[in-house]
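The next block holds one structure in the form of structure tokens; read it before the comments.
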Amino acid sequence: MRLTDLKKLYDWSVDWQMLFNVERCKEIHFGYNNKQHNYFLGEECIQAELEEKDLGVIIRQSLKSSSQCAAAVKSANRMLGMINIYIYLYFAIHGSQYR
């Protein structure tokens, strides 16, 4: 997004009294030749991030999917752990009649 576009967007938000929450706005710089400029909404600088999660998808500055895969594995292992605990508790309560 160009700086003039951000200025127009900010001016529109001021005119319509719908200000942005700049603390929740993030920017990611893509590409190796990116000069990584600082962007502003009004007088506040938008925070630069290396990765951001949006709609359940983790996007990294390098566009590698390793963070997304690690998060999916962690979630799956957590669910398997809960299933394992449930099965253990079920057999502990009902005894060995189902074995």
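Annotations for the structure displayed:
- A single entry from TYR88, TYR39 fulfils the requirement of being touching a helix residue (DSSP H, G or I) at 6+ places or on another chain (Cβ under 8 Å) and not small (Gly, Ala, Ser): TYR39.
- Residue pairs whose Cβ atoms lie under 6 Å apart, sitting 6 or more positions apart in sequence or on different chains, and linking a residue in region 2-14 that is assigned by TED's automatic domain parsing to the domain that holds GLU27 and closer than 14 Å to GLU44 by Cβ to a partner that is outside any helix (DSSP H, G or I) and aliphatic (A, V, I, L, M), are TYR10/LEU41; SER13/LEU19.
- Qualifying positions in region 1-17 - assigned to a loop (DSSP other than H, G, I, E, B) and either touching a Pro at 6+ places or on another chain (Cβ under 6 Å) or aliphatic (A, V, I, L, M) (or both): MET1
- Residue in region 63-83 that is surrounded by 11 or more Cβ atoms within 10 Å (Cβ to Cβ) and of a type in the set (Val, Ile, Thr) present: no
- Extreme residue, nearest to LYS53 (Cα to Cα), among residues of region 1-43 that are surrounded by 10 or more Cβ atoms within 10 Å (Cβ to Cβ) and of a type in the set (Lys, Arg): LYS26
- Cross-chain or 6+ apart pairs with Cβ under 8 Å, region 16-27 first and under 12 Å from GLU43 (Cα atoms), then small (Gly, Ala, Ser) and in a loop (DSSP other than H, G, I, E, B): VAL22/GLY42
- Answer residue from region 41-75, given it is more than 13 Å from the chain's Cα centre (by Cα) and β-branched (Val, Ile, Thr) and is nearest to PHE20 (Cα to Cα) among those: ILE46
- Tally, over region 67-93, of residues that are touching a strand residue (DSSP E or B) at 6+ places or on another chain (Cβ under 8 Å) and free of Cβ contacts under 8 Å to residues at least 12 places away in the same chain: 1
The values are calculated or read from the model by the stated rules, or taken from the named source; none is laboratory data. Owing to the predicted nature of the structure, the values given are computational and were not obtained by experimental measurement. Cβ sites come from the backbone with ideal geometry, for glycine too, and all protein chains shown count toward neighbours.
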